[in-house]
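J.: The following block contains the structure, expressed as structure tokens.
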Amino acid sequence: MIVTSSQSAFLYNSPSASNEDSADKAQPLSRSRRNIGEPARYWPQNSTIKIAIYECDKDDEYVLAVKKAASEWLPHINLKFEFVSGNEGDVRIAQNPSNDSEGNSAVGTQALDKNPAYPTMELPWDHKHPRFAYIVMHEFGHMLGAHHAHQHPDADIPWDMEKIKRIPGSNKQEAERNLLPLPRSSKYHFMPYDGESVMHYEIDSAFTHRGWAQSESWALSDGDIAWAKKTYPKAISAIS
Ligand SMILES: [Zn+2]
């Protein structure tokens, strides 16, 4: 099911058609596959993000599982993660009690705008679930400022819009917000579309034409790593 993939429910501004731009078109064509980011929400370079996990001690198995998966990003960025117990942090993580396969997160520094009484990220409660590490990597991708790879305007996914329109109630709006292409706005930093990105949902052919489908990638792709390195570049160490 497409809509059971990890989702980012409260994250997206309405598309602004008046703000259309082709920021990346002027750049030389690149064959490397990357990602979509939102520079206005990137964290300051070389900063430390304080990440609180509610109702957990720092050595809980749950916290260790979150840290392990989240740390997949660290070799590729110049930020540091400081995990703390409690409810005070730039990023605040709650376990989603109602579902073992969904998460959500604020995009980048949007976390700082949220009411400190509420979480900025929700992760599944079951850290032993096979998809847990994937969901942590995906939500931490949002936390770092990345958007969904499948929402790249160049993804050209042949959505069966009739089926998406029939998704009941608020799930339909959420599906549209989390599935359909982002506007070609200078607000976003579009790198080439990457179907293997950890920021790409599994797409079920039941919701597309011509049998178009994409499976989940449970590891950072070359494109994810390229995006991370470009967004938060580590200093080039002196050549000895
Ligand atoms: Zn997402």
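J.: So what is the relative contact order for segment 84-240, in percent, with contacts set as C-alpha pairs under 8 Å and at least six apart?
T.: It rounds to 20 percent for segment 84-240.
J.: Taking a cut-off of 13 Å between Cα atoms, list the aspartates and glutamates near K230, but don't count ones fewer than 8 places away on the same chain.
T.: E38, D222
J.: On average, how much accessible surface per residue is there in segment 117-207, in Å², for a 1.4 Å probe, leaving out ligands, DNA and RNA?
T.: Accessible area per residue: 36 Å².
J.: Also, quick follow-up: How much accessible surface does D113 have with a 1.4 Å probe, in Å² rounded to 10?
T.: Approximately 130 Å² of D113 is accessible to the 1.4 Å probe.
The values are calculated or read from the model by the stated rules, or taken from the named source; none is laboratory data. Just so you know, these numbers come straight off a predicted model, no measurement behind them. Side chains are part of the model used for accessible areas, which takes the heavy atoms of the whole protein and leaves out ligands, DNA and RNA. Shrake-Rupley method; radii C 1.70, N 1.55, O 1.52, S 1.80 Å.
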